[in-house]
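Step one of this worksheet: look at the structure below.
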Amino acid sequence: MNLTLEEALSIHPFSKAKLVAGEKGRTRIIKAINTMDAPDVANWIKSGELLLTTAYAIKDAPGELLQILKKLNERGSAGIGIKLGRYWSQIPQFVLDEANRLEFPVLELPYEFAFSDQMNALFNAEYEKSTRKLHDALEKQKQLVRFSLQTRDFSNPFQTISDILDHSIVVFSARGQILFNCSDWPEVELTKAWPWSPKYYKGRTELGWFCRIPLMKDKECYGFLLVIPKEGSIHSDEEGLYHQAAEVLCYHMDHLQDGQHTVTGYQWSVITQRYLKGHLSQESFVEQAHALGSPLLTGQYLSALMVPLARPGYDLPLPVQPMLRELCREISYHPILGTLQSHFVEIGDKLLFILRVKDNVAGNGVFIELLVKAFSEILNTGGRLQARCYVSKLKSEISELREAYGECTEAERISCHLGDDNAVILFSDLEFSYLFSHIPDEAMKKYCQNLLQPLMQKDDEYIADFFTTLEAFFANEGQINEAAKQLFIHRNTLQYRLEKTGELLGLDFKKVSDLLKLKLMLMFKHLISIDKTNRNPLNSAHS
């Protein structure tokens with residue numbers, strides 16, 4: 001039996017009973033029913049048992065009921081039901097007061113019904129409830145089987161699984177990122193004790209019970225499925241269903257939304273690889289792309305190159321291919337990136353993610369910011385960066401794909417040269433650096449030396465302050481207030497420093513041409529191969 005006391009009170013003839021004390025204990029679970037024919041029955045009561053009595057054993061010693069009550073509560077009893085009218089006319093008030101204090105349910109049972117009538121009614125109700133649960137579980141199992149056999153694409157298999165189970169679920173990637181969440185639990189509660197062992201776990205928090213099932217395939221953990229039963233308790237006959245749902249979900253995470261799971265997707269990846277490697281002409285690539293019907297043929301798109309980071313002692317992280325597959329899955333199920341039409345192309349140990357930008361946001365700087373944030377969320381999960389992302393500029397023609405890929409690789413090269421350690425790097429942010437990288441180092445050094453000559457007589461601390469102030473000024477697009485905040489100084493102090501710098505170098509910060517000279521100097525300084533251990537920042541400009 002597995003009925004709450006509240007459920008039992010809705011079943012005839014037990015519904016004729018009256019809960020007279022311990023109202024807060026009405027959610028206690030009734031697992032069995034016992035009757036009292038001796039005062040020491042409390043010593044034999046098991047957890048979850050409901051005790052029924054006529055009070056015959058204590059009819060001449062009402063005070064003993066108080067001790068029985070305390071023992072029943074200690075042993076985890078579901079409550080006590082007393083039939084009045086034969087031996088007792090009422091339950092002593094001091095017993096009711098103690099029951100309320102203990103939140104232990106005390107019921108007045110209807111005199112006209114025998115204990116057997118009430119017990120049979122509860123057992124029959126439990127049988128019917130269990131039968132319904134078995135039928136429901138069987139129906140859910142059938143739905144999961146039908147879902148797993150479907151060959152068409154699903155826009156959101158996570159929601160489908162949640163609908164079939166009729167429970168809230170949360171899906172995590174192997175690195176702990178939430179891919180789907182239809183529960184009302186806060187994220188801090190959902191990710192508690194991360195990282196988790198890839199084993200089945202059943203637990204309880206202040207918010208309720210949950211089951212956590214690892215998503216395993218070929219001994220590889222794809223992530224975790226968290227099931228939060230809406231009834232607040234976990235039924236053993238459904239736990240097997242949760243494991244089956246995890247198996248089905250794991251299958252879809254491996255096959256659906258994976259740019260190469262169809263013949264067309266595979267063919268598109270092949271021609272893209274050949275085109276980017278120079279084994280296919282532009283004309284042939286465009287012709288074959290049109291024949292395959294790529295979504296990139298209309299509207300704007302951009303490319304993002306995922307590059308795994310090396311581990312100490314290795315050229316690349318180990319293993320690379322599982323990590324690339326994991327990135328594909330996380331991108332596919334991301335709430336922003338997953339809604340965009342896209343292709344995945346593996347190029348050696350790198351992953352090229354080509355996505356079509358929605359028409360209503362193409363060219364919108366806000367969209368680019370969202371894109372950077374989305375990729376950063378994926379790459380920075382758990383505070384551990386395993387790959388970097390290099391993003392091209394927006395393109396309008398499919399024939400420009402090789403150019404977009406070139407911008408990604410160039411962004412990788414320049415950012416490595418500059419020591420940029422951001423997770424996501426835009427080629428557009430490095431475009432000037434790309435253009436100026438073709439200027440000989442000696443020419444850049446000469447330019448910096450001529451411009452900064454008046455600083456040569458200053459000490460190292462003054463020079464360091466000069467570069468810190470100037471870089472903050474340009475980093476904040478010339479906004480004095482924002483630059484002052486970054487430097488933790490008053491805006492007037494910053495204004496004074498800039499005026500003194502202008503006087504020293506013979507430049508006017510109000511002239512665009514003079515600002516351009518300083519901006520070029522800073523960019524040249526970063527592009528020149530420098531000895532970063534040198535104390536004097538000027539040495540890098542005139543060494």
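Observations on the model:
- Each 10 Å bin from 0 upward holds the following percent of the Cα-Cα pairs of region 190-240: 23, 53, 23, 2.
- Taking the longest Cα principal axis of the chain as reference, the axis of helix 93-102 is set at about 20 degrees.
- Each label was represented as a point 7 Å from its Cα along the Cα-to-Cβ direction; for LYS500 and ASN481 these points are 2.5 nm apart.
- Volume per residue of the convex hull around the Cα atoms, evaluated for region 24-92, comes out as 85 Å³.
- Close amide-amide hydrogen proximity is noted between GLU220 and no other residue 5 or more places distant or on a separate chain, at a cut-off under 5 Å (H modeled in the peptide plane; Pro and chain starts excluded).
- Size of electric dipole in the chain: Cβ of Lys, Arg +1 and of Asp, Glu -1, about Cα centre, debye, nearest 20: 340
- Computing FRET efficiency as 1/(1 + (r/R0)^6) for ASP514 and ILE347, where r is the C-beta to C-beta distance and R0 is 41 Å, gives about 0.40.
- Net lengthening on full extension, ILE489/PHE467 (0.36 nm per residue, minus Cα-Cα): 6.4 nm
- In this simple spin-label approximation, GLN93 and ARG204 carry label points 7 Å from Cα along the Cα→Cβ vector, and these lie 3.6 nm apart.
- In nm, spacing of pseudo-spin labels at GLN449 and TRP196 (7 Å Cα→C-beta vector): 6.3
- Loop-resident GluC sites (Glu not before Pro) (DSSP state other than H, G, I, E or B) in region 169-247 with no more than 14 further Cβ atoms inside 10 Å of their Cβ: GLU206, GLU231.
- Volume per residue of the C-alpha convex hull in region 62-164, rounded to whole Å³: 156
- With a cut-off of 17 Å on the backbone N, the residues of region 280-294 near the modelled label site 7 Å out from VAL270 along Cα-Cβ are 280-281, 284-294.
- Across the chain, Cα-Cα distances exceeding 37 Å account for 56% of all pairs.
- Summarised as an ellipsoid, region 126-223 has semi-axes of 24, 20, 14 Å, derived from the eigenvalues of the Cα gyration tensor scaled by 5 and square-rooted, with the largest first.
- Helix 236-255 and the longest principal axis of the Cα set of the chain meet at an angle near 20°.
- Theoretical gain in end-to-end length, LYS31 to SER116 [0.36 nm per residue, Cα-Cα removed]: 29.0 nm
- Once the chain from LYS458 to GLU64 is taken as fully extended at 0.36 nm per residue, the excess over their C-alpha distance is 132.3 nm.
- Here the Karplus relation 6.51 cos²θ - 1.76 cosθ + 1.60, evaluated at θ = phi - 60°, turns the backbone of region 69-77 into coupling constants of 4, 5, 5, 4, 5, 5, 8, x, 4 Hz, with x for every Gly and Pro.
- Cβ-Cβ distance of ASN43 and SER130, R₀ of 35 Å, FRET efficiency by 1/(1 + (r/R0)^6): the value works out to about 0.70.
- Karplus (6.51, -1.76, 1.60) ³J(HN,Hα), θ = phi - 60°, over region 206-223, in Hz, Gly and Pro reported as x: 5, 8, x, 7, 7, 10, 10, 10, x, 8, 10, 8, 6, 6, 9, 8, 7, x
Coordinate-derived values only; no laboratory data. What you see is a predicted model; the values in this text were computed from it and never measured. So basically every Cβ, Gly included, is an ideal-geometry build from the backbone, and we count neighbours across all protein chains shown.
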